[in-house]
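Scroll down for the structure; my scribbles are underneath it.
The values are calculated or read from the model by the stated rules, or taken from the named source; none is laboratory data. Everything quoted here is computed from the prediction, not taken from an experiment. Virtual Cβ from ideal backbone geometry, glycine too; neighbours counted across all protein chains shown.
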Amino acid sequence: MSGRKLFLAAAVIFLVAAGLFAKWILHDGLSARATPSWLETLAARKARHLSIPRGAQDQKNPVADSAETQRDARLHFADHCAVCHGNDGGGDTMMGHGLYPKPPDLRGEHTQKLSDGELFWIIENGVRFTGMPAFGGANGHGSQTDSWKLVRFIRHLPQLTVEERMEMERYNPKGPEEREEEKQEDDFFNGAAPQPSTGMEHHHH
Ligand code: HEC
């Protein structure tokens with residue numbers, strides 16, 4: 001084969017490969033409703049792992065585990081994390097289903113196998129190109145102590161009790177309708193007179 005033919009053959013192979021690669025990356029028209037392929041997930045997790053500095057991954061949790069630590073973290077998680085991850089960490093939420101990649105089941109092996117330092121780093125810095133926000137720094141939700149407490153809570157997630165989950169539900173962010181409904185329930189249980197209807201209530205969907 002002449003050099004010219006060889007060059008043409010190589011160019012054709014390259015173009016076909018580039019086309020297939022683009023098709024693979026652009027699957028489902030870039031819709032976030034899709035689920036990443038296993039190869040994409042593997043590559044993303046590996047890249048994330050490599051991007052987190054060694055020293056950060058080896059950090060030990062400076063916050064001791066206690067009933068108080070767990071309660072603080074639980075209510076914090078209910079308020080800031082459950083919209084996407086769900087109170088039980090399963091990720092079965094409206095937000096979660098609409099994200100690409102989806103939030104993984106935090107009770108599962110792939111999360112539980114990450115080191116404490118790695119979990120802390122992810123909470124503080126977020127994960128680029130995903131829906132996972134950074135909670136550290138100026139945009140933060142609190143102190144680094146709060147993030148370390150959340151690491152303790154993530155370790156506890158596989159053993160979360162029904163009572164703990166029900167407590168969390170009261171701390172999930174709520175719209176005005178739900179808040180009003182809860183207030184009426186509370187008033188009812190406290191023996192207060194029922195609120196007169198304002199005719200302004202909306203129907204639930
Ligand atoms: C807006 C949605 C959203 C919110 C809010 C959110 N997360 Fe995430 N989280 C994600 C997504 C999406 C991923 C998957 C990222 C990836 O694939 O690397 C993720 C990944 C993680 C991971 C890594 C799990 C793993 O196995 O890779 C941890 C840990 C985590 N989140 C903890 C938290 C905590 C703690 C909070 C609250 C302080 C929180 N997240 C709030 C969307 C969210």
Requested in this report: Only one of these is in contact (Cβ under 8 Å) with a residue 12 or more places away in the chain and surrounded by fewer than 19 Cβ atoms within 10 Å (Cβ to Cβ): D92, D88. Name it.
Outcome: D88
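Matching residues to (1) away from the ligand (no atom under 16 Å from the Cβ); (2) of a type in the set (F, W, Y); (3) within 12 Å of the chain's Cα centre (by Cα):
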{"site": "G19", "(1), (2), (3)": "yes, no, no"}
{"site": "R45", "(1), (2), (3)": "no, no, no"}
{"site": "I52", "(1), (2), (3)": "no, no, no"}
{"site": "Q59", "(1), (2), (3)": "no, no, no"}
{"site": "R71", "(1), (2), (3)": "no, no, no"}
{"site": "Y100", "(1), (2), (3)": "no, yes, yes"}
Requested in this report: Kindly establish whether F120 is under 16 Å from I52 (Cβ atoms), part of a helix (DSSP H, G or I) and hydrophobic (A, V, I, L, M, F, W, C).
Outcome: yes
Query raised in the report: From the residues in segment 54-78 that are without any contact (Cβ under 8 Å) to a residue 40 or more places away in the chain and surrounded by 11 or more Cβ atoms within 10 Å (Cβ to Cβ), which one is farthest from I123 (Cα to Cα)?
Result: S66
Query raised in the report: Regarding E163, is this residue more than 10 Å from the ligand (Cβ to nearest atom), modelled with pLDDT of 95 or more and of a type outside the set (K, R)?
Result: yes
**Report entry** In segment 73-90, the residues that are near the ligand (Cβ under 8 Å from one of its atoms) and either part of a loop (DSSP other than H, G, I, E, B) or touching a Cys at 6+ places or on another chain (Cβ under 8 Å) (or both)
**Finding:** C81
Query raised in the report: What do you reckon, is A64 farther than 30 Å from K149 by Cβ, outside any helix (DSSP H, G or I) and not β-branched (V, I, T)?
Result: no
Query - Contacts under 7 angstrom Cβ, first residue in segment 104-116 being closer than 12 Å to L157 by Cα and of a type in the set (S, T, Y), partner near the ligand (Cβ under 8 Å from one of its atoms) and in a loop (DSSP other than H, G, I, E, B), 6 or more apart - result: T111/P104
Query raised in the report: Is at least one residue of segment 118-137 within 7 Å of the ligand (Cβ to nearest atom), surrounded by fewer than 16 Cβ atoms within 10 Å (Cβ to Cβ) and free of Cβ contacts under 8 Å to residues at least 24 places away in the same chain?
Result: yes
Report summary line: Over segment 138-190, the set of residues part of a loop (DSSP other than H, G, I, E, B), touching a residue at least 12 places away in the same chain (Cβ under 8 Å) and hydroxyl-bearing (S, T, Y) is Y171
Report task. Give segment 11-54 a look and list any residue that's closer than 25 Å to D116 by Cα and β-branched (V, I, T), or say none. Result -> T41, I52
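Scan segment 102-117 for residues that are surrounded by 14 or more Cβ atoms within 10 Å (Cβ to Cβ), outside any loop (DSSP other than H, G, I, E, B) and more than 6 Å from the ligand (Cβ to nearest atom) and report the count. Steps first, please.
Quick first cut of segment 102-117, residues surrounded by 14 or more Cβ atoms within 10 Å (Cβ to Cβ) only: 102-108, 111-112, 114-117.
Checking which are outside any loop (DSSP other than H, G, I, E, B) leaves us with 111-112, 116-117.
Cutting the leftovers down to more than 6 Å from the ligand (Cβ to nearest atom) gives us 112, 116-117.
Of the residues in that region, 3 qualify.
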